[in-house]
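Since every read-out is calculated from the coordinates, none of them should be taken as a lab result. Because the structure is a prediction, the values reported are computed rather than measured. Please note: Cβ atoms are built from the backbone with ideal geometry, for glycine as well, and neighbour counts cover all protein chains shown.
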Amino acid sequence: MNDNDLVVNTGSFPTIQGLVLVGYSAGIDSTKKGITSTTSQGSGGVTILALFDNALAGMAQWPPGSGQSVSATAIVGKYTYIGDTNMDGQVSAQDYTAVDANIGSNNINPGIAWFYGDTNFDGNVTAQDYTAIDAALGLGAGNPLAATVVPEPGMIGVLGLGMLLIRRRREGKAHAMQRTTKKDRDCGDRGMGAGDGAGG
Amino acid sequence: MKHRFATLTCLAAAATAQAKTTVTHPFRGVVRYERNEPAGAVVPRPVAMNILEIDLADPTIGLVLTPSNGADPGEVTRQTTRDFVTSQGAQLGINGNLYSSAGTGPNGEIYRDVNGIEVAAGQQVSPWGGGFAREGGINFSASNLATMVQPTNTSVSNYVTSPSLSPYNLMGGRERLITGGAITAISTALNPYTAMGYKGNSLYLFVVDGRQPGYSEGMTLVEIANFMQSAYGLTDLVSLDGGGSTTMVMADSTPRVLNSPSDGSERVVANNFGVFAALMHEWTTNGSGTWSVTGSWTGGVPNAPGAAARFGSAIALPRTISLTSSATAGLVEFDNANTYTIGGTSTLTLDATVGVASVRTLSGTHVMSAPLEIVDTTEFDVFSGATLSLTGSINNSTGRTIKKLGAGVMVLSGPQNHGTGAQVNVNAGTLQIMTDLGSSALVALKLNAGMTDIRSPQHLHDVNILGSSIATVQAGGGNILRARTLTMAAGAELI
């Protein structure tokens with residue numbers, strides 16, 4: 001798919017995610033099958049086709065604001081950086097928000113896990129999910145990855161609505177984590193479990 | 001030289017030809033090779049050969065053999081090859097097997113027994129029994145699949161074949177010259193000969209003239225076998241009757257004899273083998289022009305369902321043939337290193353009378369910029385090294401299938417309109433999609449093999465990437481692939 005997005009209106013999320021994961025490589029690998037990205041492979045695998053199940057996300061259009069409607073049950077893949085949890089095409093401090101809000105969540109529905117901050121695709125949001133964001137922080141800044149059809153001014157807002165719903169369930173935890181700076185996090189990752197547990 | 005057959009218009013040209021092979025495409029799926037070879041070129045004596053290569057997979061090709069004469073004496077009523085072609089309404093014909101007399105009828109009929117097997121359209125005409133050591137024949141199934149067969153025992157008179165099959169159109173011959181890729185010819189007598197053989201779906205009908213010193217002095221069956229194997233790659237070949245019986249007829253207008261029979265006139269033989277084929281209209285002007293001008297084509301303007309239009313060797317520079325009024329064809333064929341552009345604003349409708357419509361690009365890079373109307377499923381067969389660009393609009397509102405065949409490249413860059421159930425199938429080679437195939441999301445993209453290069457956003461109904469085929473969505477970020485469903489085989493790639 002190179003750096004393009006994918007919309008499958010009645011697809012199976014596990015099937016498509018399986019195709020993406022089997023095709024992913026952190027380096028050039030022509031033996032990969034499934035859904036691959038030469039662009040991603042050429043950039044050291046810092047990007048991936050990030051998937052969500054629209055039955056859980058409720059997007060009306062893709063890209064948001066493009067005028068291109070998307071099925072309520074679509075599987076949507078956005079080509080973006082691993083760690084771009086809000087799918088705005090860049091990795092910034094805002095992407096920590098999802099992890100902050102949902103850390104400790106386990107067995108998350110894979111169809112929405114990306115937005116929960118599950119950056120390592122293990123179905124749980126743990127301190128390890130900060131690692132991908134840390135590693136990619138700053139990628140896309142000033143030049144975010146986005147479908148060129150239309151800018152995505154409404155995207156963050158739309159996704160933010162979903163994230164707000166998530167945060168409401170974990171309000172206290174989220175507030176604590178949102179105040180954490182990257183430097184704090186880098187230093188505190190190893191101790192975050194204890195701190196988080198104490199604050200939760 | 002014994003050019004005694006005065007009605008053969010080809011003789012004058014043939015007599016003066018020097019080591020010349022003339023290749024023509026008189027019918028859809030038919031290539032004629034007219035070879036005049038001086039001494040030493042093919043064999044140590046001058047020979048004139050006529051060879052027809054017939055695509056048995058072409059849906060417009062049909063076969064016919066001399067029928068049984070029923071309750072009359074003997075097996076068949078004798079007939080010249082030309083009369084046979086005329087009476088059957090066929091376009092091509094050659095003489096059949098050896099024969100013997102079987103009496104006469106009250107109205108001057110002369111009956112014959114065929115010296116070997118023949119089955120015509122499933123009807124038994126003559127059993128094995130030629131008595132030749134390497135007797136054989138070629139059977140054509142109802143779907144024109146060719147198989148070399150032989151009797152299980154050369155001393156028996158029956159219809160049992162080896163390999164075992166139910167004969168449909170079976171023309172027996174005197175000697176198997178090539179069998180399964182091996183030379184099996186044994187006869188070294190020098191004569192005019194008729195032979196038929198095949199490689200895959202390509203049937204070859206062969207005649208070499210003889211007994212005409214200085215013009216064509218014949219070949220041995222061993223020489224014919226070696227020549228047809230080395231020059232045309234035949235895997236199976238059987239000789240039919242030769243000598244004065246050797247005759248090849250073509251009805252590109254009035255049926256005419258292509259070769260120079262050694263009797264000096266066309267012999268009345270026992271059985272014949274005929275081919276039905278659709279006339280090929282070939283562009284003949286070395287220049288740009290208008291599709292509808294009669295004088296620019298052999299056989300008149302192609303403009304009817306099933307009509308076959310060929311753009312071959314006529315041009316020496318890139319040329320444009322414009323549609324100033326709508327035209328219809330079942331086959332369009334390109335074969336030139338210089339570019340043909342089928343332009344204009346009027347519509348070219350692709351409409352077959354049998355089977356599917358077809359656009360074949362045998363060589364070169366060619367463009368169809370005129371609007372295309374797809375009425376039937378259409379196969380776009382682009383041979384290795386060739387390119388076909390469809391830059392004009394495509395209206396497939398009836399939801400037919402567009403199939404990309406061949407190892408070459410096809411580019412779709414014009415506006416697309418596909419109806420419910422439409423498919424774009426890639427079976428081989430490369431398809432570049434430069435435009436949205438399915439703005440109405442009704443077309444399915446089915447990739448059975450080869451590569452598909454998607455260079456624009458797509459709204460598709462279904463995407464099936466099967467086998468080991470590869471779909472590449474070109475980088476750019478805007479080529480969003482949208483589909484109702486996505487199916488991928490284990491070995492497929494979506495890059």
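Backbone amide hydrogens, once placed in the peptide plane, bring B:Gln432 within less than 5 Å of B:Met410, B:Val411, B:Leu412, B:Asp453, excluding anything fewer than 5 places away on its chain. Think of it as helices only: each DSSP H run of n ≥ 4 in chain B is worth -39500 (n - 2.57), and spread over all residues that comes to -1500 deg cm²/dmol at 222 nm. Can you give me the angle between helix B:221-232 and the longest principal axis of chain B, using Cα atoms only, in degrees from 0 to 90, rounded to the nearest 10? Rounded to the nearest ten degrees, it is 10.
Working from label points 7 Å from Cα in the Cα-to-Cβ sense, the B:Thr398 to A:Leu56 distance is 4.7 nm. DSSP finds beta bridges in the range B:290-410, and of those with both partners inside it, around 0 percent are antiparallel.
The mean sequence separation of alpha-carbon pairs under 8 Å and at least six residues apart, normalised by the residue count of the range B:74-136, gives a relative contact order of 30 percent. In chain B, the inverse of the mean reciprocal separation of distinct Cα atoms equals 24.4 Å; this is its Kirkwood hydrodynamic radius. Simple spin-label estimate for B:Ala182 and B:Thr294 gives 5.7 nm between the two label positions (7 Å along the Cα-to-Cβ direction from each Cα). Looking at the protein assembly as shown alone, DSSP beta bridges between its own residues are antiparallel in about 50 percent of cases.
Across peptide A:75-87, the mean count of Cβ atoms from other chains lying within 10 Å of each residue's own Cβ comes to 1.
For B:Thr365, the amide hydrogen comes within under 5 Å of the amide hydrogens of B:Thr387, counting only partners 5 or more places away or on other chains and with H modelled in the peptide plane. Is any residue of the range B:72-114 close enough, with backbone N under 15 Å, to a label point placed 7 angstrom from the Cα of B:Phe276 along the Cα-Cβ axis, and if so, which? Residues B:85-93 qualify, since their backbone N sits under 15 Å from the label point.
Measuring nothing but how far apart in sequence close Cα pairs (under 8 Å, 6+ apart) lie, relative to its length, chain B scores a relative contact order of 10 percent.
Using Cα pairs under 8 angstrom and six or more residues apart, how large is the relative contact order of the range B:18-174, in percent? Rounded, it is 17 percent for the range B:18-174. Converting phi to 3J(HN,Hα) with the Karplus coefficients 6.51, -1.76 and 1.60 and the offset θ = phi - 60°, the range B:201-212 yields 8, 9, 8, 10, 10, 10, 9, 10, 7, x, 6, 10 Hz in sequence order, with x at every glycine or proline. Counted over chain B, the DSSP beta bridges are approximately 50% antiparallel. Panel values: the protein assembly as shown, Kirkwood radius from alpha carbon pairs, Stokes-Einstein at 20 °C and 1.002 mPa s, translational diffusion coefficient 72 µm²/s. Annotation: amide H-H contacts under 5 Å for B:Val359 (H modelled 1.01 Å from N, sequence separation of 5 or more, or interchain): B:Val332, B:Glu379, B:Phe380, B:Asp381.
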